[in-house]
């Protein structure tokens, strides 16, 4: 599955039904669902799957779902999400146990947070790592070298140049709030 994401390159963040409809009108396959109330989540995932699309759900940014073992089991088993994004190692472990794509977030705040993040990621072994913010291009090669895991850039990307710099730094894909930027920069 990570190969599909790498092929798409840009993964739009979908936070409303209107954005979901716009996403479904595109050629893109993968999206990230976040900033959504749980009451909308099932309908959105059903719409995506009916249209042969896939959803990564950022568990910590879904209103009404606990970002714990039970919330993860609910998303994986009941709603049948395609993948989970979380900053928590335990959530990643549960997503992997449920055979879902598991992407763990790492925040590039300072040298100490990067070192702690690398240690945590080496233990949890997610399918991919979302480095935040992706515009911290200079730190990404160091992280990539230490982890030897696929990196997805996220946060503060505003242009094709940002995407190009992130690609040069070692990211295989990017999560982006701007659907138009995604459509213009996806691989076909």
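All of the numbers you see were taken from the coordinates with simple rules; none came from a lab. What you see is a predicted model, and the numbers here were worked out from it, not measured in a lab. When we count neighbours, we look across all protein chains shown, and the Cβ atoms used for this are built from the backbone with ideal geometry, even at glycine.
Some notes on this structure:
- Per-peptide packing, taken as the mean over residues of other Cβ atoms within 10 Å, places 94-101, 124-131, 178-185 in the sequence 124-131, 94-101, 178-185 from highest down.
- Relative packing of 142-148, 110-116, 71-77, 29-35, which averages over residues the other C-beta atoms within 10 Å, highest first: 29-35, 71-77, 142-148, 110-116
- Here each label is just a point 7 Å from Cα along the line to Cβ, and for residue 63 and residue 4 those points are 2.9 nm apart.
- Computed on the chain, with alpha-carbon pairs under 8 angstrom and 6+ residues apart, the relative contact order is 22 percent.
- Summary of the geometry: segment 162-183 and segment 46-72, compared by the centres of their Cα atoms, lie 22 Å apart.
- Alpha-carbon geometry of segment 2-81: the Rg and the Dmax are 12.1, 34 Å, given in that order.
- When the P(r) is computed for segment 109-148, the part past 15 Å accounts for 34% of the Cα-Cα pairs.
- Equivalent-ellipsoid semi-axes for segment 2-183 (Cα gyration tensor, √(5λ), whole Å, largest first): 25, 20, 13.
- Segment 1-28 versus segment 133-148: alpha-carbon centroid distance in Å: 24 Å
- Gain upon complete extension [residue 122, residue 180; 0.36 nm per residue less C-alpha separation]: 17.4 nm
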